[in-house]
Ligand SMILES: *Cc1c(COP(=O)(O)O)cnc(C)c1O
């Protein structure tokens, strides 16, 4: 299949890091324009005129002392990805994928989405002047549907899950030659998402935290950061030490948590009957399963599942403790910390980064399912 390797696995963009290591340094980057394009030497767009920009990336890393004391750890930062242009960190990935598609001369783009990726693709497609076809489950939150419509995207509603939507997209890709933007089925979205790894290093003054807690759906965020750390080591920015990487999923859809608990290394079985109001986590299976498991294993991390009503409770705690209106997925990361401490995976003196991957505003009207 186009966009995957011969054996059907994700492709990665690789760079001649030795060639740029001299000029691509933390000092050189420090004075650049705020936004993810500040890392352009390690991004897959060669032509600056193809860099589509809506103000993505360089989101604040917010010190959250009251959250830290509530959780009983020494320090908590929240990386607030809700402040991206369409209110979720999907903007990073789709910014890169659409820019690269533009550079490659694509005319029509397509993807299945649980919601936020569709908004982001529609926005960047509009900015680039490219047609975007999005196939989403019919119970996708209303604000997201209206947003995609406002960007002029061609939106198809389907009574099913994101995996069913993917089949419709594949048909269009085969029939009409649409550029497939499906998660990890092209190598560019992960490149956009990896910039969070570079940003953490820069925003923490040239170091990384002890632990990173990440709400994992398709896995590009986690896989991207893991790739960024590898590149940063090759560039001489960091040593071989890594933060512990933690995956959080919803109790109603936790294929990676189940695979991790079973000691799987190569793959995660598809989750049947996925339910959660955290639409970004309603992903029953991913082609990046083995890469997620590898990052968890190599980092000394782990994976836990959180029920919807517990996410909602932690959305309120984050709100009152910090002034951030978190997405349920962001709430899930805080909810995971006490569980991970109980398992002995996070200790009281850890410095922890929680990823609030989206704005709570995109979920207004959605209720916890379990
Ligand atoms: C897509 C999404 C996720 C999951 O991200 P992956 O990188 O696909 O694992 C988490 N939270 C939100 C808000 C999302 O939109």
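Scanning the range 333-370 for residues that are over 19 Å from the mean Cα position of the chain (by Cα) and assigned to a strand (DSSP E or B) gives a single hit, 351. Suppose we keep only residues that are touching a strand residue (DSSP E or B) at 6+ places or on another chain (Cβ under 9 Å) and farther than 15 Å from residue 296 by Cβ within the range 221-252. Which one would you say is nearest to the ligand (Cβ to nearest atom)? Only one residue tops the list, namely 250.
Among residues that are in a helix (DSSP H, G or I) and either touching a residue at least 60 places away in the same chain (Cβ under 8 Å) or closer than 18 Å to residue 339 by Cα (or both), residue 270 is not included.
The residue of the range 2-38 that is surrounded by the most Cβ atoms within 10 Å (Cβ to Cβ), among those that are in a helix (DSSP H, G or I) and under 21 Å from the mean Cα position of the chain (by Cα), is 36.
Considering every residue within the range 200-219, establish whether at least one is under 23 Å from residue 171 (Cα atoms), out of contact with any helix residue (DSSP H, G or I) (no Cβ under 6 Å at 6 or more places or on another chain) and surrounded by fewer than 24 Cβ atoms within 10 Å (Cβ to Cβ). Looking for residues that are under 23 Å from residue 171 (Cα atoms), out of contact with any helix residue (DSSP H, G or I) (no Cβ under 6 Å at 6 or more places or on another chain) and surrounded by fewer than 24 Cβ atoms within 10 Å (Cβ to Cβ), one finds none in the range 200-219, hence no. Take the conditions more than 23 Å from residue 311 (Cα to Cα), within 16 Å of the ligand (Cβ to nearest atom), buried (at least 20 other Cβ atoms within 10 Å of the Cβ) and at pLDDT 95 or above and apply them to residue 260. Does it pass? Taking the combined requirement at face value, the residue does not satisfy it. Against the condition under 16 Å from residue 68 (Cβ atoms), part of a helix (DSSP H, G or I), within 14 Å of the ligand (Cβ to nearest atom) and touching a strand residue (DSSP E or B) at 6+ places or on another chain (Cβ under 8 Å), how does residue 330 come out, does it pass? Yes, satisfied.
The values are calculated or read from the model by the stated rules, or taken from the named source; none is laboratory data. Note that the coordinates shown come from a computational prediction; the quantities given were computed from them, not determined experimentally. Cβ atoms come from the backbone with ideal geometry, glycine included; neighbour counts cover every protein chain shown.
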